[in-house]
Amino acid sequence: MSQFSSIIPRPLELEVGQGNFQISRDTPLIADTPVAQDAIAWFVGEFYSQSGISLRQSGEGASGAITMRLQSDLAPENYVLSIRPEGVEIRASEASGFFYGAVSLLQCVPFESPIGVGEWQLPTLEIRDAPRFGWRGLMLDSVRHFQPLSWVKKFIDVMALHKFNVLHWHLTDDQGWRVEIDKYPVLTSVSAWRKQSRVGHELNGGDDDFDGRPHGGFYSKQQLRDVVAYAAARGITIVPEIEMPGHATSVIAAYPDLSCTGGPFEVSPKWGIFDDVFCAGNDDVFRFLEDVLNEVLEIFPSQFIHVGGDECHKTRWKECPKCQARIKAEGLADENELQSWFVRHFDTFLSAKGRRLIGWDEILEGGLAQNAAVMSWRGEEGGVAAAKAGHDVVMAPHQQTYLDYYQTSNRDGEPLSIGGDLPLSKVYAYEPIPQSLSADEAKHVLGGQGQLWTEYMLRPESVEYMAFPRACALAEALWSSVQPRDFDEFLSRLEIHLRLLDRMNVNYRPLNK
Ligand code: ACM
Ligand code: ZN
């Protein structure tokens, strides 16, 4: 297979013609719109990494150029890439379309220079491309193991190469807090650090097997703004996740009064689900979380804000006089409705600020808040129920999208993982629209995403190993048109595509390991 037809995710339409375009150090890059600037800057950088050649940007039309041209009737994210002997043209109506055109163009550049040093032949072709889904995400857990910002940018680079457009960033949990909040500096002096971490698998071995090494870290506001802009220049929106009402141990370790019992607690060195959560009967909890969200909204311009909502044990709420008083005062039936009431509060709060709440599918229990969107992780059922009720949905069923699961049923030689069995072929076959949805209901499925929970990914290289190449397959499941998908044909493209990941120094799991 030649390289040009190895593009991942597979474009909607690709037609090959006669002849070649020659790209060299003299090829000018021209834009007739400032909207294409990010795409051009990205292409110049990536082409340099691949070839050692700095293409020049030029304001004037010229033959033999790569030209970015505005075509306002194209839908957002759509693009046309035309490679002809006399020049290359990328047409789009928005920055993201130009960016995806540039990504596809880069994937057409051969790795070697077969016609001599510094010249590459690109095949004549025409691509018309459009994504199937508007939400093509990966979720990164930077709590269980903290990754430096430089690596987060590398991760974003690799996401961009696959036309992912959402980085759902899991920034708070029992084991740490990773966002600088001016009003509550203790969140970064105390909540961001745990004394030590659980060694080995949570399910085997004793309770006292810890590494004895402190672990933690956080991102400053300036760093976060920087990475938001970095991602935006690559067509990626960062959706931050601030967990509530469960997975809150790192917060209540610093502010025990925000729990039902008053503690004391420590930032958790263990993985799992814990009984101590935010007290739903204490008004201070709502003030605290609103303050935090106000600062989060200043950093992250995303339409959606993720509030977690998963795995909130109700044990303490059942025994807590304040929580029980709240249930009574608000006329709620039980603790599930108390959770709904909690989530509804923040749905109203975020909606008033022009944002939208999204949460894991447990937010359905006890009634879903009016504007809330659901991220369906315990399977498809939550997503189906939400879509049938008219709510938007992002599909993230663990069976097909948990990239922290093992990649092969033969676990010999594989790094310790949480469990599961999710081979590349299963990810590739993933279909985000459940069969039980009507065409109208299916419109509520915004898309899907892969999850990288990092309990067992101690280093960024481990995240890369678990993410790739499965995320390459997921990118295609989310971008490319419906079935039939031919896994063997995908594999033949993937073999070529992996050379790009080699160049980017990505520690992916080899295909024939
Ligand atoms: C989850 O895996 N607890 C969303
Ligand atoms: Zn309580």
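Values for this structure:
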{"read-out": "Segment 299-326: number of residues that are in contact (Cβ under 8 Å) with a residue 24 or more places away in the chain and part of a helix (DSSP H, G or I)", "value": "11"}
{"read-out": "Enumeration of residues in segment 271-282 that are within 14 Å of ligand 2 (Cβ to nearest atom) and open to solvent by 50 Å² or more (accessible area, probe 1.4 Å)", "value": "275"}
{"read-out": "Filter result for the condition that a residue is more than 15 Å from ligand 2 (Cβ to nearest atom), of a type outside the set (Ser, Thr, Tyr) and part of a helix (DSSP H, G or I), over 267, 285, 296", "value": "296"}
{"read-out": "So residue 65, is it of a type in the set (A, V, I, L, M, F, W, C) and crowded, with 24+ Cβ neighbours inside 10 Å", "value": "no"}
{"read-out": "Number of the condition not met by residue 130 [criteria: (1) over 30 Å from residue 501 (Cα atoms); (2) open to solvent by 10 Å² or more (accessible area, probe 1.4 Å); (3) among the aliphatic types (A, V, I, L, M)]", "value": "(1)"}
{"read-out": "Long-range neighbours under 9 Å by Cβ, at least six apart or interchain, first residue farther than 17 Å from residue 512 by Cα within segment 466-485, second assigned to a helix (DSSP H, G or I) and open to solvent by 10 Å² or more (accessible area, probe 1.4 Å)", "value": "474/400; 477/400"}
{"read-out": "Odd one out for residue 342, checked against (1) assigned to a helix (DSSP H, G or I); (2) within 16 Å of ligand 1 (Cβ to nearest atom); (3) surrounded by 24 or more Cβ atoms within 10 Å (Cβ to Cβ)", "value": "(2)"}
{"read-out": "Qualifying residue in segment 27-49 (condition: surrounded by fewer than 17 Cβ atoms within 10 Å (Cβ to Cβ), farther than 27 Å from residue 230 by Cβ and either in the same structural domain as residue 102 (by TED's automatic domain parsing) or at pLDDT below 95 (or both))", "value": "no"}
{"read-out": "In segment 212-244, the residues that are part of a loop (DSSP other than H, G, I, E, B), touching a strand residue (DSSP E or B) at 6+ places or on another chain (Cβ under 8 Å) and open to solvent by 20 Å² or more (accessible area, probe 1.4 Å)", "value": "214, 218"}
{"read-out": "Positions within segment 57-105 being over 22 Å from residue 237 (Cβ atoms), touching a residue at least 60 places away in the same chain (Cβ under 8 Å) and of a type in the set (Val, Ile, Thr), in sequence order", "value": "83, 88"}
{"read-out": "From the options 262, 206, 281, residue that is at pLDDT below 95 and out of contact with any strand residue (DSSP E or B) (no Cβ under 9 Å at 6 or more places or on another chain)", "value": "206"}
{"read-out": "Residue among 319, 337 that is within 25 Å of residue 392 (Cβ to Cβ), acidic (Asp, Glu) and within 16 Å of ligand 2 (Cβ to nearest atom)", "value": "337"}
{"read-out": "In segment 129-147, the residues that are over 15 Å from residue 179 (Cβ atoms) and either among the acidic types (Asp, Glu) or assigned to a loop (DSSP other than H, G, I, E, B) (or both)", "value": "129, 130, 131, 132, 133, 134, 144, 145"}
{"read-out": "Output for segment 413-467, where each listed residue is within 24 Å of residue 142 (Cα to Cα), of a type in the set (A, V, I, L, M) and within 16 Å of the chain's Cα centre (by Cα)", "value": "427, 452, 463, 466, 467"}
{"read-out": "Any hit, segment 92-108, residues being in a strand (DSSP E or B) and surrounded by 21 or more Cβ atoms within 10 Å (Cβ to Cβ)", "value": "yes"}
{"read-out": "Pair list, Cβ under 7 Å, 6 or more apart: segment 145-164 residue over 15 Å from residue 502 (Cα atoms), other residue open to solvent by less than 10 Å² (accessible area, probe 1.4 Å) and among the aromatic types (Phe, Trp, Tyr)", "value": "149/219; 163/100; 163/479"}
{"read-out": "Residue check, residue 285 touching a residue at least 60 places away in the same chain (Cβ under 8 Å), open to solvent by less than 10 Å² (accessible area, probe 1.4 Å), more than 16 Å from ligand 1 (Cβ to nearest atom) and assigned by TED's automatic domain parsing to the domain that holds residue 308", "value": "no"}
{"read-out": "Which numbered condition residue 424 fails, given (1) under 24 Å from residue 497 (Cβ atoms); (2) open to solvent by 50 Å² or more (accessible area, probe 1.4 Å); (3) touching a Pro at 6+ places or on another chain (Cβ under 9 Å)", "value": "(2)"}
{"read-out": "Scan of segment 260-280 for residues that are within 16 Å of ligand 1 (Cβ to nearest atom) and not hydrophobic (A, V, I, L, M, F, W, C), ordered by number", "value": "268, 270, 272, 275"}
{"read-out": "Which numbered condition residue 347 misses (of (1) touching a residue at least 40 places away in the same chain (Cβ under 8 Å); (2) of a type outside the set (Val, Ile, Thr); (3) more than 16 Å from ligand 2 (Cβ to nearest atom))", "value": "(1)"}
{"read-out": "Residue within segment 433-448 that is acidic (Asp, Glu), under 22 Å from residue 154 (Cα atoms) and in the same structural domain as residue 148 (by TED's automatic domain parsing) present", "value": "no"}
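The values are calculated or read from the model by the stated rules, or taken from the named source; none is laboratory data. Everything numeric here is computed off the predicted structure, so don't read it as measured data. FYI the Cβ positions are ideal-geometry reconstructions off the backbone, even for glycines, and counts take in every protein chain you see. Ligands, DNA and RNA are stripped out before the accessible areas are found, and what is left, the full protein with its side chains, is counted by its heavy atoms. Shrake-Rupley method; radii C 1.70, N 1.55, O 1.52, S 1.80 Å.
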